[in-house]
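Report on one structure; see the data block that follows.
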Amino acid sequence: MIEDLRRQLREICRVRLSLSEAELPPFSVEHPARAEHGDLATNLAMALARPLRRAPRELAGLLQAELRSLPGVERCEVAGPGFINLYYSKDHWRQVLPRVLETGPDFGRTRADRPERVQIEFVSANPTGPLHFGHGRGAVVGDVLARLLQFTGHTVEREFYVNDAGAQVRNLALSVVFRLRELRGLAGEFPADGYRGAYVIDLARRLPAALTKFLPGEPGEPDLRAIMDFCVEQNLADIQRDLAAFGVGMDRYASEREVLSSGRMQEVFAELERQGALEDREGARWFSAERFGDEKPRVLVKSDGSHTYFATDLAYHLDKLRRGFERLIDVWGADHHGYVPRMKAGLKAFGHPPEKLEVVLVQMVSLLRGGQPVVMSKRAGEIVTLREVIEEVGADAARFFFLLRSPDGQMEFDLELAKKRSLENPVFYVQYGHARLCSILARAAERGLPVPDPGSVRQADLGCLDHPLEIELLKVMARFPEAVLSAAQGRAPHLVVYYLQELVGRFHHYYTATARESPILSGDPARLTARLLWVQALRQVLQNGLALLGVSAPERMEQLPEEEGPA
RNA sequence: GUGCCCAUAGCUCAGCUGGAUAGAGCGUCGGACUACGAAUCCGAAGGCCAGAGGUUCGAAUCCUCUUGGGCACGCCA
């Protein structure tokens with residue numbers, strides 16, 4: 001709608017004011033917060049006032065005459081300092097119904113003006129242990145961003161970068177060896193920077209016999225490599241299982257080892273060398289990142305000869321671009337924010353515009369239980385895993401909660417709250433709305449009332465929908481595609497959540513407001529038909545929104561227990 | 001010390017590419033079930049948008065400074 005009007009306004013400016021595209025000042029078109037300001041409002045007249053050296057209200061009057069004759073426009077007013085407020089006819093809004101019901105699951109899908117091949121890298125947790133609950137936020141933000149970008153016309157691939165070559169995996173293997181020896185009653189010393197979590201002991205127990213042959217001696221390098229492989233494989237399998245349980249899918253798992261063995265590293269060094277952007281100093285090899293917008297040089301090869309994480313990650317990012325992606329989106333924990341200029345500098349050195357890489361920083365999550373912080377000791381390896389959270393509150397609630405806040409704000413995640421079947425828990429509010437809509441349709445069928453097929457919407461007399469709240473809901477439905485678009489463009493999945501809360505809220509309001517004098521399942525056949533189509537459309541929009549969030553849309557909510565059992 | 005993020009109702013947060021009288025949920029108080037699901041709804045109270053300057057027709061939104069929080073500043077990832 002907004003885009004339609006924007007287009008129409010540009011056209012009017014071109015024809016009536018002989019303004020070229022380039023001469024058009026930026027102007028707003030929005031859904032005003034207040035109903036008295038119409039269905040859509042624009043500040044175009046005010047924006048034009050300065051360049052045209054004419055009074056805003058005078059220009060507004062001029063535009064008003066044109067806007068009045070636009071299809072669907074019922075009223076057009078000039079208000080305040082020069083706002084133009086447009087009111088559309090009820091019939092115009094009723095046309096949302098065929099759009100929703102005929103496109104079904106595709107309602108809200110848009111074609112991007114400029115579709116891009118996007119690669120979105122997220123989670124990318126080290127394969128050194130299970131996913132932490134905090135990974136959940138990045139996982140769901142990345143997942144929903146991918147869904148949103150796809151739904152708005154882009155080609156998206158989701159990728160998980162596995163750091164399977166670094167020192168961390170070696171540390172884990174050493175920790176596993178220590179636990180193994182411990183299990184066998186052999187002496188040993190806990191490795192420096194070792195992993196303390198209980199899962200390390202599990203890994204030691206699960207080591208295949210072939211990998212423990214070195215006992216009671218110490219593992220040689222080949223033994224250790226084999227144990228590293230085993231650990232990576234096991235941990236990755238666990239991670240994949242947890243992501244699947246969380247509704248997060250990946251198209252590809254990229255491996256750091258592959259980057260190292262691909263020859264890409266050599267190419268990276270050769271190119272940097274050619275540019276004189278490499279410097280050997282203090283036994284290490286440095287990239288002159290400060291020449292490309294970063295603060296200072298960064299180490300690529302450590303004095304022990306191994307690559308830094310940055311070195312392989314840069315090669316990996318260059319490889320993504322080589323694969324033809326026009327845009328790279330990385331979802332990182334905010335504690336990595338200092339890393340952004342470094343990576344952009346790296347891309348710049350290779351002639352890529354740094355804007356191609358977009359980093360969505362996801363802020364920290366603090367875990368609470370009934371308002372109290374959950375105590376965790378990272379040192380002792382006591383962490384709350386994503387799996388535990390999913391098992392306790394369910395994937396739907398966990399996803400919804402992570403999506404409730406803008407990614408760039410810190411948030412609290414209260415386990416008790418996420419489990420509550422109550423008003424405090426917004427997941428159930430939205431899901432209940434869907435269940436309620438389903439329930440109405442089920443009840444209609446039960447009573448033998450004719451439930452119209454969505455495909456018959458063009459035959460129905462939609463004029464029967466004349467309750468102000470019914471029209472209001474039509475307007476909200478019509479806004480769905482815009483809500484999706486702004487969520488996608490703003491990399492802000494929470495906007496979809498807010499939209500759904502509004503949609504459901506207005507429906508609940510309508511439901512109770514009409515329950516007494518005019519329930520949905522009442523009235524003459526034409527009216528009933530129109531309302532049942534309206535209900536189906538609402539349900540469809542709700543389903544589409546929930547699908548974007550990866551949250552289920554249950555047909556009925558499980559019954560609450562009448563009372564809590566004895567404690 | 002330097003850089004990034006944040007500061008909006010008692011609490012948790014939207015709104016931030018400048019627009020009209022700043023919103024929602026929870027919590028508090030008061031109401032609505034012989035009814036399509038009360039897991040819902042209605043109403044009330046609650047604000048110097050951290051503070052101070054600036055930019056302009058117009059600022060929660062943009063700029064500067066201050067204060068108060070978080071994070072990052074390693075040859076860790």
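Rule-based calculations on the coordinates, nothing more; no lab input. Worth saying up front: this structure is predicted, and the values here are computed from it rather than measured. Quick reminder, even Gly has a Cβ in these numbers, built from the backbone with ideal geometry, and neighbours come from all protein chains shown.
Observations, loosely collected:
- Chain A, helix-only ellipticity at 222 nm - DSSP H runs n ≥ 4, -39,500 (n - 2.57), divided by all residues, nearest 500: -15000 deg cm²/dmol
- Qualifying GluC sites (Glu not before Pro) in the stretch A:413-456, where qualification requires a DSSP coil assignment and no more than 16 other C-beta atoms within 10 Å, comprise A:E424.
- Too-long pairs where the Cα-Cα distance tops 32 Å, listed order kept, from A:K356/A:K475; A:K302/A:K348; A:K320/A:K419; A:K356/A:K419; A:K320/A:K475: A:K356/A:K475; A:K320/A:K419; A:K356/A:K419; A:K320/A:K475
- Sites matching trypsin sites (Lys or Arg not before Pro) across the stretch A:512-548 that sit in DSSP coil, with at most 13 neighbouring C-beta atoms within 10 Å: A:R516
- Charge tally in the Cβ shell below 14 Å around A:A245, where Lys, Arg are +1 and Asp, Glu are -1, A:A245 excluded: -4
- Aspartates and glutamates with Cα under 13 Å of A:K344, excluding same-chain neighbours fewer than 8 positions away: A:E290, A:D294, A:E295, A:D313, A:D330, A:E355, A:E358
- Residue exposure sequence - A:I520, A:I12, A:I120 - by fewest surrounding Cβ within 10 Å: A:I12, A:I520, A:I120
- Antiparallel content of DSSP bridges confined to chain A, in %, to 5: 50
- Selection among A:V476, A:P525, A:Y499 by position relative to the dipole of the stretch A:426-549 gives A:Y499 as farthest towards the positive end (Cβ unit charges, Cα centre).
- Cβ-derived FRET efficiency at R0 41 Å, A:A334 paired with A:R16, nearest 0.05: 0.25
- Whole-number D in µm² s⁻¹ for chain A, Kirkwood Cα-pair radius fed into Stokes-Einstein, 20 °C, 1.002 mPa s: 78
- Residues in the stretch A:503-516 carry Karplus couplings, in order, of 4, 5, x, 5, 5, 4, 4, 4, 4, 6, 5, 9, 3, 7 Hz; the curve used is 6.51 cos²θ - 1.76 cosθ + 1.60 with θ = phi - 60°, and Gly or Pro positions show x.
- Relative exposure of A:K419, A:K348, judged by other C-beta atoms within 10 Å (fewest first): A:K419, A:K348
- Label-reachable residues, the stretch A:92-110, where backbone N falls under 14 Å from a point 7 Å from A:R7's Cα toward its Cβ: A:110
- Modelled FRET efficiency - R0 25 Å, A:E517 with A:E446, Cβ distances, 0.05 increments: 0.65
- A full extension of the chain between A:E102 and A:E221 corresponds to an added length of 36.5 nm, given 0.36 nm per residue minus the alpha carbon distance.
- Net charge of Cβ neighbours under 12 Å - reference A:E11; Lys, Arg +1; Asp, Glu -1: +2
- Computed from phi, the 3J(HN,Hα) profile of the stretch A:273-289 under the Karplus parametrisation 6.51, -1.76, 1.60 (θ = phi - 60°) reads 4, 4, 7, x, 9, 10, 9, 9, 7, 6, x, 10, 10, 10, 9, 6, 4 Hz, with x in place of Gly and Pro.
- Each Lys or Arg adds one and each Asp or Glu takes one away; over the other residues whose Cβ falls under 11 Å from the Cβ of A:A460, this sums to +2.
- Under a 5 Å amide H cut-off, with hydrogens placed 1.01 Å from N, A:V299 pairs with A:F287 among residues at least 5 apart or on other chains.
- Extension reserve of the A:E326-A:E182 stretch, reckoned as 0.36 nm per residue once the Cα distance is removed: 46.7 nm
- The residue among A:V176, A:C464, A:V301 whose Cα reaches farthest toward the positive pole of the charge dipole of chain A, with charges on the beta-carbon of Lys, Arg, Asp and Glu, is A:C464.
- Hydrodynamic radius of the stretch A:52-200 per Kirkwood, over alpha carbon pairs, in Å: 22.0
- Rounded, prolate or oblate (a/c below 1.5 giving rounded, otherwise prolate when a/b exceeds b/c) for the stretch A:426-549 by Cα gyration tensor: prolate
- Working ranking of peptides A:95-105, A:155-165 by packing, defined as the average number of other Cβ atoms within 10 Å per residue, highest first, is A:155-165, A:95-105.
- FRET efficiency, 1/(1 + (r/R0)^6) with R0 35 Å, evaluated for A:H508 and A:M364 via beta carbons: 0.55
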